[in-house]
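The values are calculated or read from the model by the stated rules, or taken from the named source; none is laboratory data. Predicted, not measured: the structure shown is a model, and the values here were computed from it. All Cβ positions, even for glycine, are placed from backbone atoms using ideal geometry, and neighbour counts span all protein chains on display. Just so you know, the surface numbers come from the protein's heavy atoms only, side chains and all, with ligands and any DNA or RNA stripped out. Shrake-Rupley method; radii C 1.70, N 1.55, O 1.52, S 1.80 Å.
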Amino acid sequence: MDAYKSPFRAAITPSLFILILQTASILCADSVLFGSTAELPVPAAAFLAGAAVSIAMIVRTGARSGGAIEPVNAAQRAAVFLCITLIICAAPFIGRVMAVHPEKAPAIDKETAMLVTSKKEKRYADELTVVVNNKRDGAIGLVVHDGSTPAGEGDVVTVGSRAVTMDPARKDMSPFMIRQIRRGVRFIMYTDREGLKILEKNHAGIRKTAREKISDLSESLFAAETAAFVEALLLGNQIRVSKKTISDFRRAGVLHVLAASGTHVGILTSIPLLLFGALRLNKKAILVSASALAWCYLAVTDMPVSLARACVMFTVFTAQRVFSLGGNPMNALFISAIAVLLAWPCELFELGFQLSFGATAGIIMLYPLYRRALSASGSKNRIASSVSLTLAAQAAVMPVILGRIGEINAVSVLSNILIVPMVALIFYGALFTMSLSAFSGAAAGHAGTLCDMIYRMLSSLAGFFSGMNGHFTVDRPGPVLLVAYAFMLAPVFPVLRHKAAAAASIALAHLLLAVSLAHPDGPQNGQAARFCSDAGRALLVREKDDICLIGPVNLPDAAREISAEIEKTRYRSLFLYMTDAGRENVRQYSRIMKNCRVDEIHVPASVSLDRGFMSLCRVAQRDGVSMKLYGQSGKGLKNIPGNGIIAIALERYRASAGKIIPGRFTRQVHGPVHHH
């Protein structure tokens, strides 16, 4: 029984209560920030309860003499604890409220100079965080540049577009705007290469030089797809990875390997541990060097929160070993969470933060229990260890994933066993190949070819697991999911101590998931899903493995709903057929193209060559989407090879004139498409 209690006892540390108080403080600040006073009592009560429990814990564990607590020492310990906690909790509270103070609202025009403090490269746009008047303490803004821009950190720029002021009191803000306000952003500006001017160019720093060197080496040593994958591993940026690869990894339940995280830190830090360990160097010095290497890796990447968490945890672990303080992984996890939230309080609301810390907590607390249940006494079964690791992480984050994005995967346990080791092999191989290129280009070329072969195997394996259709979208979790989740957690409890019973419970849980969720997603073969709004109607037609979207999409909500419907459907090719050349329709089709893997888009020849259409062209060029112009009648498409699905969609669209439901966006599924 102690084996089941010890992981949970290890979690009861002072850092846990500091984290609880810090979380409550951030929630209180968020309620004040957005004027949600009705939500304020809950985090305030949590703060007071956490403070009371913390004081009681500190007093109880105070210095003892002859079994009696010394009141003075206990009070001193409690006072120090509360001072540290108040500093940690007050900093994000004050910072979040003052960041959007009315006096900080800037007056921006096209002549206003702004200093770029950070740059985040994304697939279709670069996001520049700027401060006004070239001052580090100025108002923070966000410049969204359509496409890539040469502007970078340390540059001084001007933007010739209107600044959208962020007002927390607005009730119609998008999730993107809410996220930016939580970051302290006061205004957003949208621009392109013509609207942004660089006044002063900063010299390339070590970080930018290192990123460019890694990118150049990967492009010269590996095939294009392998190079994109290697850059995702080493730089934490997935912008060059194809949408098909991302879709396959997501549906296979292994998308996490593309995000720089603790897995990559573990792989990287194992290199000095193995090399220097073989030379029998001082163990503490080896740990310090490994910790320094982890922070260098963080500095080179885009600094995702999962990687920051891993680096802080490894540093705390190193400090515990160097100063002989003993090790408690849960304490290290809580300290890393406190550090991340102290630096970036807004991360508390991000899915990445919740999944990263949730999965790590699950591994620390549940892995020993799953490992004990699935392995015979004294057995060193690596498969059981891998299954236990995946189950521990999955059990901890499944409620979060269901609640936030409504997705669940029934094949991830199997896919992680095979794919994660192959990703580690590519990681090691890429580092070895790049290092070898400094001594022998020919040898590095052969090593790069070997990495290409491994990546092709990895890609095929991800495609195989993706084809098993074990990735499901859940709109409303039902009682069957709760039963399946209970069976998944059963081996954690001492009720199922027998290995066969634990394995049967896990197998039954996944069987329940597959059976209860194995319903067809999206329109079926020969069916059309009709999306109606007050602006018109659009049809999503499926014929075998091809789907086609046809009709006007003039609302952002409609574009999001259609994108979600497309993503539910496993398809081979996706065709878009625009019947409306209006500006808003072009914008929403661009949104759909960004969200989905598109093969071909047909655009009316009457479309205006304005900024919106140029943006759509850049998206098509970025993803390799074939773009074709057609006459307004659309005649002749039946005779074009490969356009059978478009001809069917046109026929269905012309015959689907029906009542338009005004005022809201709806979805209706219609019967089979009739061939003539």
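Exactly one residue out of Ser270, Ser242, Ser261 is in contact with an Asp or Glu (Cβ under 9 Å, 6 or more places away or on another chain) and among the polar types (S, T, N, Q), and it is Ser242. Residues that are in contact with an Asp or Glu (Cβ under 8 Å, 6 or more places away or on another chain), open to solvent by less than 70 Å² (accessible area, probe 1.4 Å) and assigned to a strand (DSSP E or B) within the stretch 132-190 comprise Leu142, Val143, Val144, His145, Asp146, Gly147, Val156, Thr158, listed in sequence order.
The set of residues in the stretch 251-275 being part of a helix (DSSP H, G or I), hydrophobic (A, V, I, L, M, F, W, C), open to solvent by 20 Å² or more (accessible area, probe 1.4 Å) and under 28 Å from Thr473 (Cβ atoms) consists of Leu255 alone.
Listed here are the residues, each with its yes/no results for (1) surrounded by fewer than 18 Cβ atoms within 10 Å (Cβ to Cβ); (2) over 19 Å from the mean Cα position of the chain (by Cα); (3) at pLDDT 85 or above; (4) more than 19 Å from Phe249 (Cβ to Cβ).
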position	(1), (2), (3), (4)
Gly326	yes, yes, no, yes
Glu347	no, no, yes, yes
Asn381	yes, yes, no, yes
Leu391	no, yes, yes, yes
Val400	yes, no, yes, yes
Val411	no, yes, yes, no
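On the basis of being free of Cβ contacts under 8 Å to residues at least 60 places away in the same chain, crowded, with 21+ Cβ neighbours inside 10 Å, under 26 Å from Ala228 (Cα atoms) and over 19 Å from the mean Cα position of the chain (by Cα), does Ala332 make the cut? It is false that Ala332 is free of Cβ contacts under 8 Å to residues at least 60 places away in the same chain, crowded, with 21+ Cβ neighbours inside 10 Å, under 26 Å from Ala228 (Cα atoms) and over 19 Å from the mean Cα position of the chain (by Cα). Out of Ala299, Ala319, Ala339, one residue alone is within 19 Å of Leu235 (Cβ to Cβ), open to solvent by 10 Å² or more (accessible area, probe 1.4 Å) and in a helix (DSSP H, G or I). It is Ala299. Which residue is nearest to Gly205 (Cα to Cα), if the candidates are limited to the stretch 276-296 and must be assigned to a helix (DSSP H, G or I) and of a type in the set (D, E, K, R)? Step by step, filter the stretch 276-296, then rank; the result is Lys284.
Of note, Arg309 does not satisfy the criterion of being open to solvent by 40 Å² or more (accessible area, probe 1.4 Å) and basic (Lys, Arg). If you filter the stretch 572-601 down to residues that are touching an Asp or Glu at 6+ places or on another chain (Cβ under 8 Å) and either among the aromatic types (Phe, Trp, Tyr) or surrounded by fewer than 20 Cβ atoms within 10 Å (Cβ to Cβ) (or both), you find that the one that is nearest to Ile645 (Cα to Cα) is Phe575. When residues of the stretch 464-478 are filtered for being in a helix (DSSP H, G or I) and surrounded by 17 or more Cβ atoms within 10 Å (Cβ to Cβ), how many remain? Residues in the stretch 464-478 being in a helix (DSSP H, G or I) and surrounded by 17 or more Cβ atoms within 10 Å (Cβ to Cβ): 2 in total.
Looking only at the stretch 349-379, count every residue that is of a type in the set (Phe, Trp, Tyr), buried (at least 19 other Cβ atoms within 10 Å of the Cβ) and more than 16 Å from Val492 (Cβ to Cβ) and tell me the total. So the count comes out to 2.
Residues that are touching a residue at least 60 places away in the same chain (Cβ under 8 Å) and more than 12 Å from Gly147 (Cα to Cα) within the stretch 597-622 comprise Arg597, Arg611, listed in sequence order. Of Ala424, Ala504, Ala486, Ala438, all but one fail to be open to solvent by 50 Å² or more (accessible area, probe 1.4 Å) and under 28 Å from the mean Cα position of the chain (by Cα); the exception is Ala486.
Of everything in the stretch 297-324 that is modelled with pLDDT of 85 or more and hydroxyl-bearing (Ser, Thr, Tyr), the residue that is nearest to Lys284 (Cα to Cα) is Thr318. Counting only strands (runs of 3 or more DSSP E) that fall entirely inside the stretch 528-623 and contain at least 1 residues that are hydroxyl-bearing (Ser, Thr, Tyr), the qualifying elements are 528-533, 573-577.
Please work out if Gly445 is of a type outside the set (Lys, Arg) and modelled with pLDDT of 90 or more. So Gly445 fits the description; yes.
In the stretch 211-229, the residue that is nearest to the chain's Cα centre (by Cα) out of those that are of a type in the set (Gly, Ala, Ser) and surrounded by fewer than 16 Cβ atoms within 10 Å (Cβ to Cβ) is Ala224.
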